[in-house]
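Remarks on the structure that follows.
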Amino acid sequence: MTTIQESDIVRLPRGVRLREDKRRGGWVLLAPERVFQLDGIAQAVVGHVDGERSVGAIIDGLCETYQAPRERIAEDVTAMFAGLVEKRVLEVA
Amino acid sequence: MTHSQAHDVQPPMGMLAELTHRCPLQCPYCSNPVALERRRQELDTATWQRVFAEAAELGVLQVHLSGGEPALRPDLPELVTACVDAGLYSNLITAGVNIDRVRLETLADAGLDHVQLSFQGATPEVTDHVANMTGAHARKRAFAAEVTDVGLPLTLNAVIHRANLHQIDEFVDLAVELGARRLEIAHAQYYGWALVNRAALMPSREQVMEAVERVEAARERLQGRLVIDAVVPDYHARLPKPCMNGWGRQSLNVTPSGKVLPCHAAETIPHLEFWNVADHGLREIWYDSPAFNAYRGTDWMPETCQSCERKEIDWGGCRCQALMLTGDATQMDPVCEKSPYHDEVQTLAVRDASGASEFTYRRFARTTESA
Ligand code: SF4
Ligand code: SF4
């Protein structure tokens, strides 16, 4: 199992692109032979990945936007990132 | 019904662009048709550029630049640029024996997203034998090193069959050693050249089971380091694969001469009418061409599929395989255990698994014209 620390900095590896899918609506992560259709929350989270900010900072940012308890957001975000790392569409810098 | 169904048609996500059927290799399982299209029939640069723009407009997200060997097209960098300009994710599917460092860098600079490199074996003996090309393995290894060195993500693709099925662990090691992010292990699918060579390619059920176990073990061992995608073998199975995730549902295939097919083997169904990008826009072809509408949705299905809970999971399996093995493209895929032809297919698989091992290598038919 991959675990993500709040101090980690994550980024999209080369060969993985986030873009809008105008035809179907929403946003997608494009990866080798795969397309991940992101829901609104996943899009908001992945949209914060810039290869510079730490996971903790991304969580802080989302707390402001969503006004939800930090603990819950932290749990969801680290789980989502861990899943993406395992699929090799996200990497810890 | 047909009318309401027409409204359900979703735009495609992926497009396989067969830029050429020419290839320096001669794999006996090549998915290209036995009647290969020749160089003088190939679409020109401008037409491909238009097709990529139309594809993006239609909703395609990813383009797989394939062949034959796509790098035999001198205009490959321009075609990558056309994909990039249209916002398409570009994936180069190559045998990796004819792209030097300079060319690779040109492709990377043009914005190529990903490289998928085929290995016919995990060792020089097997690769060179299966590809019928001396030195192929060494060239592929060198190319793989260049790809990762340039910084492009790499997938290794291994088509497996009786002559290399014992090499699963070695393929996995090779992928790790070469720095691939992904390994694709695909059992040979028996269309095109693979059908000609079925008796030399077909593994036994025991071999298949062992291979499946080894893939599973490797997957667990390398989780988070190497993604392993496996296309399960067919003839020995009880349920069909969801071929293309359904006919005309997600992807399309453009041949070197511009014919647009629902899957690369679709031309084996002789009564289908395929449209060409020279005569029609891609959008019109996707929504209106007879070939794409022939087996869309579930209306065409036999009664057994209609009343089966898997009908929107496997979409009745593969149409080409149904035709090939039952003589009727509207039959359920005979791999399905509910098919009246199921036992026949199993018997055939067992028989072929002990067939002769000589390959008929893929090549252009001899004619006085040059390819
Ligand atoms: S399968 Fe082999 S012969 Fe066919 S296009 Fe690929 S590398 Fe060439
Ligand atoms: S009966 Fe048809 S839908 Fe059901 S599993 Fe077999 S092929 Fe698939």
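Every number in this text was worked out from the coordinates using simple rules, so none of it is lab data. Not measured: the values here are computed from a predicted model. Quick reminder, even Gly has a Cβ in these numbers, built from the backbone with ideal geometry, and neighbours come from all protein chains shown.
For this structure, a couple of remarks:
- About its Cα centre, the dipole of chain B is roughly 500 debye, where the only charges are +1 on Lys and Arg Cβ and -1 on Asp and Glu Cβ.
- At the listed q of 0.12, 0.16, 0.19, 0.24 Å⁻¹, the Debye profile of the range B:1-101, built from one uniform point per Cα, gives log10 I(q)/I(0) equal to -0.45, -0.74, -0.95, -1.27.
- Solvent-free Debye calculation, one equal scatterer per alpha-carbon of the range B:269-322: log10 I(q)/I(0) at 0.22, 0.26 Å⁻¹ equals -0.87, -1.02.
- Principal axes of the range B:187-322: Cα extent on each, largest first, Å: 50, 38, 36
- Rounded to the nearest 20 debye, the dipole magnitude of the range B:82-238 is 280 debye, with +1 charges on Lys and Arg beta carbons, -1 on Asp and Glu beta carbons, and the Cα centre as origin.
- If you bin all the Cα-Cα distances of chain B at 10 Å, starting from zero, the percentages per bin are 5, 23, 33, 28, 10, 0.
- Here is the list for the range B:237-331: GluC sites (Glu not before Pro) lying in DSSP coil, each with at most 16 other C-beta atoms within 10 angstrom of its C-beta, are B:Glu273, B:Glu309, B:Glu312.
- Note on chain B: GNM, Cα springs under 10 Å; of B:His137, B:His129, B:His271, the largest mean-square fluctuation is that of B:His271.
- Shape class for the protein assembly as shown, computed from the alpha carbon gyration tensor (a ≥ b ≥ c): rounded, with a/c under 1.5.
- Convex hull (Cα only) mean projected area of the range B:40-178, reported in nm² to one decimal: 9.0
- Cα-centre dipole for the range B:14-87 with unit charges at Cβ (Lys and Arg positive, Asp and Glu negative), debye to 20: 300
- Taking only the Cα atoms of the range B:122-181, the radius of gyration and Dmax are 11.5, 35 Å.
- Scattering curve values for the range B:291-371, log₁₀ I(q)/I(0), Debye with Cα scatterers, q = 0.24, 0.27 Å⁻¹: -1.09, -1.28
- Of B:Gln10, B:Thr45, B:Pro74, farthest towards positive along the dipole that unit charges on Lys, Arg, Asp, Glu beta carbons give the range B:1-122: B:Pro74
- The relative contact order of chain B comes to 20 percent, based on Cα pairs under 8 Å that sit 6 or more residues apart.
- Convex hull per residue volume in Å³, alpha carbons only, for chain A: 92
- Those GluC sites (Glu not before Pro) in the range A:44-90 that DSSP places in a loop and that have at most 14 other beta carbons within 10 Å: A:Glu52
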